[in-house]
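Q: Let me begin by handing over the structure; questions about it come next.
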Amino acid sequence: MNKVEIYYFSGAGNSLHVAMELQKRIPETELIPIVSLLNKDVEEANAEAVGFVFPVHGLTVPIPVKRFIEKLELKSAKYIFAAATRGGTRCFAFAKINKILKRKGKALTSYFSLNMPNSDPKLKGYEVPTKDQIAVNELKIQDQLDMIGNIILNREISKEKDTDFIPAGFLLERLVLLGMKYAEYDGATDYFYADSKCTGCGTCERVCLSGKVKMVDKKPVWQNCVKCHLCYACINYCPRQAAQINDKWYMKSYTDKNGRYTHPYATADDIAGQKGLQA
């Protein structure tokens, strides 16, 4: 059985691009959006090789990816891999995934980190990459994907120590990880808003992968009763840059001053398409 299943999650398009490029390199690969399966009680993989592609959130696994892997049956999987896109931070995601897989009697065979443009505009000093910077990065990513594709095709083990990241310091990293745990519990209550630039186009509702955004009287409402996936698609795909993040948890948000980044090959329709039958 040579079939490969890649389960992916993407808010700004980086991870979607990586998943699609891997599909080009690996025959008989099926791409499956994680968001489309979250409402199922149990999901069963049906391939000998199974992969997860996702962005790093708060140095670790995105909330929906964690929840999905916890309920995924992997009896058929003999080769399991993960590829995480990130803006340069350290990645603790693979250790977290292995803890989940251990309970199933499984483990990651290979894992890979790919540095791509940052899509978190709330941080002070955030800069949107130029077209030239994106093009240079894409050349590096294509070379890395060639290597990753060959490793997966040959079912090789790849667990190289991660050294290609920007050091942040032990205390800061622990605070970020703690903040991510709280974010999962809180669900981003009163976290987002739309400023006066909003035209009521509804793009934020369309790309929202959790269903948190609802248009009411032509204005977006981030429903507190719905927990957020923290993908920031609503922030980054807003055509007027009207979607903002409130100051919260004693942290200043700079989304009202910073620009936005989405992968040049990923449209709002591509992101919304992950919802599948849930859309």
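Q: Using the Cβ atoms and a cut-off under 14 Å, what net charge is assigned to the surroundings of I134, where Lys and Arg are +1 and Asp and Glu are -1?
A: Numbers: positive: K131, K140, R260; negative: E127, D132, E138.
Its environment carries a net charge of 0.
Q: How large, in Å, is the stretch 1-138 by the Kirkwood hydrodynamic radius built from its alpha-carbon pairs?
A: Numbers: mean 1/r = 0.0643 Å⁻¹.
The Cα-based Kirkwood calculation yields 15.5 Å.
Q: Which residues does the label zone of D132 cover in the stretch 252-268, counting backbone N under 11 Å from a point 7 Å along Cα→Cβ?
A: Correct set: none at all.
Q: Suppose only helical runs count, i.e. DSSP H with n ≥ 4. What mean residue ellipticity at 222 nm does that imply for the chain under -39500 (n - 2.57) per run, divided by all residues and rounded to the nearest 500 deg cm²/dmol?
A: -9000 deg cm²/dmol
Q: Let me ask you something else. In the structure displayed, which of K102/K122; K124/K212; K99/K161; K96/K218 lie more than 29 Å apart, Cα to Cα? Write down the numbers at each step before the final one.
A: Working: K102/K122 35 Å; K124/K212 26 Å; K99/K161 18 Å; K96/K218 40 Å.
Beyond 29 Å between Cα atoms: K102/K122; K96/K218.
Q: Along each of the three principal axes of the Cα atoms of the stretch 91-220, give the extent in whole Å, ordering the values from largest to smallest.
A: For the stretch 91-220, the Cα spread along each principal axis is 54, 41, 32 Å.
Q: What are the residues whose amide H is under 5 Å from the amide H of F112, where those residues sit 5 or more places off or on another chain and H is modelled from the backbone?
A: Distant-sequence amide H within range of F112: A82, A83, A84.
Q: Ok, one more. What's the FRET efficiency of D217 with Y254 using the Cβ-Cβ distance as r and R₀ = 30 Å, to the nearest 0.05? If you can, show how the numbers build up before the last one.
A: Numbers: r = 28 Å, r/R0 = 0.95.
With R0 = 30 Å, the Cβ-Cβ based efficiency is 0.60.
Q: On to the next question. Using the Kirkwood formula over every pair of different C-alpha atoms, what hydrodynamic radius in Å results for the stretch 169-279?
A: Values: mean 1/r = 0.0673 Å⁻¹.
Kirkwood hydrodynamic radius for the stretch 169-279: 14.9 Å.
Q: Which of rounded, prolate or oblate describes the stretch 105-152 when judged by the alpha-carbon gyration tensor and an a/c cut-off of 1.5? Write out the running numbers ahead of the final one.
A: Values: a/c = 5.97, a/b = 1.59, b/c = 3.75.
Here the stretch 105-152 falls in the oblate category.
Q: Continuing with this model, one more query. If amide hydrogens are placed 1.01 Å from N in the peptide plane, which non-local residues have theirs closer than 5 Å to the one on S210?
A: Sorted by chain and number, the residues that satisfy this are H229.
Q: Sticking with this one: Under a Cβ-Cβ cut-off of 9 Å, what is the net charge of the residues other than T199 that fall near it, where Lys and Arg count +1 and Asp and Glu count -1?
A: Values: positive: K197, K218, R240; negative: none.
Residues close to T199 contribute a combined charge of +3.
Q: From the Cα trace of the stretch 1-70, what convex hull volume per residue do you get, rounded to a whole Å³? Could you put the intermediate results ahead of the total?
A: Working: hull volume 6.0 nm³, N = 70.
Taking only Cα atoms, the stretch 1-70 has a hull volume of 86 Å³ per residue.
Q: Express as a percent, rounded to the nearest 5, the fraction of DSSP beta bridges in the chain (both residues included) that run antiparallel.
A: Working: 9 of 35 bridges.
Taking every DSSP beta bridge with both residues in the chain, the antiparallel ones total about 25 percent.
Q: Kindly point out, ordered by number, any Cys in the chain whose beta-carbon has no other cysteine beta-carbon under 4.7 Å away.
A: Isolated Cys, the chain: C91, C198, C201, C208, C225, C228, C231, C238.
Q: Rank V176, V18, V216 by mean-square fluctuation in a GNM of the chain with C-alpha springs under 10 angstrom and give only the top-ranked residue.
A: For the chain, modelled as a Gaussian network with Cα springs under 10 Å, the answer is V216.
Q: Here's another thing I want to ask about it. What is the angle, in °, between the Cα long axis of helix 170-186 and the longest principal axis of the Cα atoms in the chain? Nearest 10 is fine, range 0 to 90.
A: That helix lies at roughly 70 degrees to the long axis.
Q: Rank-order 263-270, 52-59, 167-174 by packing density, defined as the average count of other C-beta atoms within 10 Å over each peptide's residues, highest first.
A: Details: 263-270: 16.1, 52-59: 26.0, 167-174: 10.8.
Final packing ranking: 52-59, 263-270, 167-174.
Q: Using a 7 Å offset from Cα along Cα-Cβ at T199, what residues in the stretch 222-261 end up with backbone N under 14 Å from the label point?
A: 238-243
Q: Same structure, new question: Using a 10 angstrom cutoff on alpha carbons, build the Gaussian network for the chain and name the most mobile of V207, V50, V221.
A: Judging by the Gaussian network model, the answer is V221.
Q: Sticking with this one: Which one of N154, N118, N46 has the biggest mean-square fluctuation once the chain is modelled by GNM with Cα springs under 10 Å?
A: Checking each option, the largest mean-square fluctuation is seen for N154.
Q: How long are the semi-axes of the ellipsoid equivalent to the chain, from square roots of 5 times the Cα gyration tensor eigenvalues, in whole Å, largest first?
A: On the way: eigenvalues 175, 85, 71 Å².
Value: 30, 21, 19 Å, ordered largest first.
Every number here is computed from the coordinates shown, using simple stated rules; none is lab data. Predicted model only: the values in this text are computed from it and were never measured. FYI the Cβ positions are ideal-geometry reconstructions off the backbone, even for glycines, and counts take in every protein chain you see.
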